Amino acid sequence: MPVLPLLADLAAPGLRPTAELLAEGRSQARDWRVGGNRFLEEANVASEAEYKRRAVTAGRIMQHAHIGFRSVERTCEAIAEVHRACAEAGATIDRFGVTLDWSMGYPAALRAERPRGTGIVLGGPEDFGRITNAAPAAAHFGDFMMGLPGAVENTRAALAAGATAIGNLGQYFTFRLPYWDDDVATTEATLIALGLIAAQDVEVLVHSNLDDGFAGLFADTSSALGMVLVEKYVVEELVGARLSHCYGHHFTAPLLRLAFHRALATVSDTPGTMIFGNTVSYRAGPAGNYASLASYLQADIWALLRDGTGHAINPVPVTENERIPDVDEIIAAQLFAARMIEHAFAARDVLDWEKVDAVSSKLVEGGRRFAQNLLAGLAEHGVDVSDAGALLIALRRIGPQRLEAQFGAGSLDATGWGGRRALVLAEWVEELEAAAGAWVARLDAGLVARIAARQLKACVATTDVHQHGKALVERGLAKLGVEIADGGVSVDPERLVETAADQSADLIAISTYNGIALRYATDVIRCLERAGLAIPVSIGGRLNQIPDDSNSGLPVDVTAEIRALGVIPCASLDSLVPLLERLAGTPHPKHAASG
């Protein structure tokens with residue numbers, strides 16, 4: 001096996017010894033234990049894992065609801081109202097997730113001075129306890145908890161409030177907080193938190209959302225399953241905790257959702273957290289989105305009826321692609337799901353499980369090969385793969401594209417995404433390739449030729465961890481002959497402008513998701529002005545933001561404000577066409593602003 005190209009900083013000599021970090025976490029467990037809450041007391045269980053196993057034994061499908069309000073008070077009220085209304089209608093909501101703010105990923109002492117997103121900011125155990133006691137359902141604290149520099153404080157508070165599913169380890173591998181580049185401190189905090197969890201006297205699930213980690217960026221879905229095995233090796237074998245996986249954001253086809261669940265059940269016996277809704281399929285209005293909701297729920301329910309993994313289903317409200325759903329919309333989605341469960345028992349016999357199992361077998365075979373290749377290859381490269389800290393930071397620094405290119409199960413193929421022929425091509429790759437190709441095919445042939453002849457260069461970046469929008473822009477522009485300069489992921493505006501200047505980019509294209517569109521666009525324009533540059537800027541994705549004087553905590557559309565800055569708001573790739581046409585018809589622009 002060829003060895004990875006040398007990375008001078010792969011070894012991370014500044015990282016404290018893993019044994020010392022895990023021991024520090026275990027010592028903190030003397031003072032920080034799993035506390036009580038309404039769910040644990042009324043369900044008469046020691047942990048959510050115990051509750052999940054009971055439900056599986058009873059043959060019951062569990063339901064997960066997610067609350068996305070910024071206000072703690074409104075969130076607690078919504079949890080209580082959703083649980084009560086669904087119970088009165090005969091549906092049980094077993095667990096609730098809340099949208100925590102990304103600023104909670106920072107160490108507690110730094111949060112007040114860091115930029116905020118659109119989520120809730122919780123302080124100590126009392127704040128967490130308000131959530132865990134809002135209803136007799138399990139509280140799930142996922143994003144911006146584990147895998148970030150604030151992991152220790154967050155984990156202690158969640159445990160004290162009685163939470164027994166804490167994530168999101170997947171974010172360790174991919175998420176970068178604004179203006180934070182200390183991956184050594186991030187790794188140390190993660191290991192201490194893992195040691196704290198492992199030392200609890202009840203089973204606490206370390207939650208990892210695969211779609212938020214490397215698995216959501218691999219071109220081969222078998223690599224995603226391989227990452228399950230690698231993460232389980234780190235958390236369960238090297239640390240001694242229990243790892244629970246979530247997936248589903250980017251799984252559209254029912255066959256693949258069924259097959260991936262079957263493969264996951266084959267390689268893991270830890271109860272799952274939830275199967276997330278396929279939010280990328282919500283592209284219509286509420287009526288049309290109900291079809292997508294039914295499609296993925298049907299597959300997930302059938303999968304759970306066959307293999308009781310303990311995952312809860314997650315019916316995402318059909319307004320999710322437009323705005324933060326309100327309480328009545330959350331209730332409607334949950335009741336819809338409960339009715340789908342009733343129908344699923346009678347309909348499951350229509351499935352051709354042989355087709356599902358054929359794809360599942362490919363995933364398991366390829367996943368095991370990927371995990372084996374990766375661990376053997378890193379060991380060959382000098383990484384101590386028996387050391388959780390050394391392995392974690394090496395994986396983070398290498399990144400998903402290089403890992404898959406080096407260790408993927410598919411045969412080498414220079415034309416394939418990631419340089420290999422996928423055993424089971426990831427759906428996001430198929431969808432982005434098709435979308436980019438269709439876009440270019442619609443354009444005037446003469447314009448395409450002029451753009452290609454112009455030899456433009458675009459600096460493409462994201463404001464946050466979500467990279468598929470960036471990939472679509474890069475693929476579409478590349479098909480027009482535009483050279484791509486990688487502006488980065490979760491990149492700070494100053495660094496993006498610096499990269500664009502260094503690369504002599506003709507345009508900057510930004511993909512955003514987390515409700516900071518106007519603030520980020522404003523900062524980019526300020527950085528360009530300070531640098532004396534006149535590079536045109538476009539931004540696409542979810543162009544919304546919470547106003548500073550908001551009473552509701554809900555984001556509003558800021559497209560008009562972005563346009564007023566001189567930035568091009570992009571609802572689709574078509575919005576880039578006038579800019580490309582202008583650039584293709586002019587001499588090479590001088591980026592230094594005149595006067």
Selection status of Ser208, assigned to a strand (DSSP E or B) and either under 18 Å from Asp384 (Cα atoms) or hydroxyl-bearing (Ser, Thr, Tyr) (or both): yes
Residues (assigned to a helix (DSSP H, G or I), surrounded by fewer than 23 Cβ atoms within 10 Å (Cβ to Cβ) and under 24 Å from the mean Cα position of the chain (by Cα)) located in region 46-74: Ala49, Val72
Could you list all residues from region 119-144 that are modelled with pLDDT under 95, within 21 Å of the chain's Cα centre (by Cα) and either aliphatic (A, V, I, L, M) or open to solvent by 10 Å² or more (accessible area, probe 1.4 Å) (or both)? Ile120, Val121, Leu122, Asp143, Phe144
In the list Gly410, Gly419, which residue meets the criterion of being touching a residue at least 60 places away in the same chain (Cβ under 8 Å) and not charged (D, E, K, R)? Gly410
Would you mention how many residues in region 438-492 are of a type in the set (Gly, Ala, Ser) and touching a Ser or Thr at 6+ places or on another chain (Cβ under 6 Å)? 2
For region 251-269, enumerate the residues that are touching a His at 6+ places or on another chain (Cβ under 8 Å) and assigned to a loop (DSSP other than H, G, I, E, B). Ser268
Thr279 is checked against (1) over 26 Å from Ala405 (Cα atoms); (2) within 13 Å of the chain's Cα centre (by Cα); (3) surrounded by 23 or more Cβ atoms within 10 Å (Cβ to Cβ) and fails just one. What number does that condition carry? (3)
Could you say whether any residue in region 223-240 is closer than 28 Å to Gln406 by Cα, in a helix (DSSP H, G or I) and in contact with a Pro (Cβ under 9 Å, 6 or more places away or on another chain)? yes
Looking at Leu196, Leu191, which is the one that is of a type in the set (A, V, I, L, M), open to solvent by less than 10 Å² (accessible area, probe 1.4 Å), more than 28 Å from Val491 (Cα to Cα) and in a helix (DSSP H, G or I)? Leu196
Looking only at residues in region 77-118 that are assigned to a loop (DSSP other than H, G, I, E, B) and touching a Gly at 6+ places or on another chain (Cβ under 8 Å), which one is surrounded by the fewest Cβ atoms within 10 Å (Cβ to Cβ)? Pro107
May I ask you to list pairs of residues, at least six apart or on different chains, whose Cβ atoms are under 8 Å apart, with the first in region 300-315 being touching a residue at least 12 places away in the same chain (Cβ under 8 Å) and closer than 23 Å to Val327 by Cβ and the second being of a type in the set (Ser, Thr, Tyr) and in a loop (DSSP other than H, G, I, E, B)? Ala312/Thr273
Does Val383 qualify as being open to solvent by less than 60 Å² (accessible area, probe 1.4 Å), within 30 Å of Ser281 (Cβ to Cβ) and touching a residue at least 40 places away in the same chain (Cβ under 8 Å)? no
Select from region 326-361 the residues that are of a type outside the set (A, V, I, L, M) and not in a helix (DSSP H, G or I) and write down the one among them that is most open to solvent (accessible area, probe 1.4 Å). Asp352
Condition test on Ala43, is it at pLDDT 95 or above, under 30 Å from Pro555 (Cα atoms) and open to solvent by less than 70 Å² (accessible area, probe 1.4 Å)? no
Can you tell which of Ala436, Ala441 is open to solvent by less than 60 Å² (accessible area, probe 1.4 Å) and modelled with pLDDT of 90 or more? Ala436
Taking region 298-325 and keeping only residues that are under 22 Å from the mean Cα position of the chain (by Cα) and open to solvent by 30 Å² or more (accessible area, probe 1.4 Å), one is left with Glu320, Asn321, Glu322, Arg323, Ile324
Those residues of region 415-452 which are more than 28 Å from the chain's Cα centre (by Cα), over 19 Å from Leu472 (Cα atoms) and not in a helix (DSSP H, G or I) amount to Asp444
Within region 270-289, which residues are in a helix (DSSP H, G or I) and modelled with pLDDT of 95 or more? none
Filter region 147-166 down to residues that are modelled with pLDDT under 95 and either of a type in the set (Phe, Trp, Tyr) or touching an Asp or Glu at 6+ places or on another chain (Cβ under 7 Å) (or both), then give me how many there are. 0
Would you confirm, using the coordinates I've provided, whether Phe251 is touching a Cys at 6+ places or on another chain (Cβ under 8 Å) and open to solvent by 10 Å² or more (accessible area, probe 1.4 Å)? no
Every residue in region 282-297 that is in contact (Cβ under 8 Å) with a residue 40 or more places away in the chain and open to solvent by less than 20 Å² (accessible area, probe 1.4 Å), please. Leu293, Tyr296, Leu297
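The values are calculated or read from the model by the stated rules, or taken from the named source; none is laboratory data. Please read all numbers here as calculations on a predicted model, not as lab measurements. Neighbour counts are summed over all protein chains in view; Cβ atoms, including those assigned to glycine, are modelled from backbone coordinates with ideal geometry. The protein model used for the area step is the full one, side chains on, heavy atoms only, and it has no ligands, DNA or RNA in it. Shrake-Rupley method; radii C 1.70, N 1.55, O 1.52, S 1.80 Å.
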